[in-house]
């Protein structure tokens, strides 16, 4: 499942997902972000045990600032409502699966 996260639904989604949430901080002008998008879409389609959330840093600067996002794409894995792992830059599907399962 892939969701667009905004300041209105971010906290509730992270807190109430009932499964890990991998959040992609991205922007339309970011080349590596555009490369990351189909990998995340494929992962979302294959894995029902995780929620993929997307935060457009240009449209949701408050969320980006709260997590001190300086470079994109930044991927943060949340479990039980808490950030547990983060990665900056493009990641392959295998790297994302390893991030989720470690």
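Derivation of every value follows stated rules applied to the coordinates shown; laboratory data play no part. Please read all numbers here as calculations on a predicted model, not as lab measurements. Virtual Cβ from ideal backbone geometry, glycine too; neighbours counted across all protein chains shown.
Applying a 10 Å radius around every beta-carbon, put 42-53, 61-72 in order of their mean neighbour count, most first. If you can, show how the numbers build up before the last one.
Values: 42-53: 16.1, 61-72: 13.7.
With the highest mean Cβ count within 10 Å placed first, the list reads 42-53, 61-72.
With the cut-off at 1.5 for a/c, could you classify the range 1-84 from its C-alpha gyration tensor as rounded, prolate or oblate? Mind dumping the intermediate values first?
Working: a/c = 1.82, a/b = 1.12, b/c = 1.62.
Oblate, because a/c is 1.5 or more while a/b does not exceed b/c.
If I model a spin label at residue 41 and residue 84 as a point 7 Å from the Cα along the Cα→Cβ vector, what separation in nanometres do I get?
Result for the modelled spin labels: 2.8 nm.
Return the calculated 222 nm mean residue ellipticity for the chain, to the nearest 500 deg cm²/dmol, obtained by summing -39500 (n - 2.57) across DSSP H runs with n ≥ 4 and dividing by the residue count.
-10500 deg cm²/dmol
Output the antiparallel fraction of DSSP beta bridges having both residues in the range 2-101, as a percent to the nearest 5.
So the antiparallel bridges amount to about 55 percent of the total.
Stretch residue 59-residue 92 to full length: gain in nm at 0.36 nm per residue minus the Cα-Cα span?
Extending this stretch completely gives an extra 9.3 nm.
Which residues in the range 83-102 have a backbone N closer than 20 Å to a point placed 7 Å from the Cα of residue 71 along the Cα-to-Cβ line?
Residues passing the 20 Å test: 84-100.
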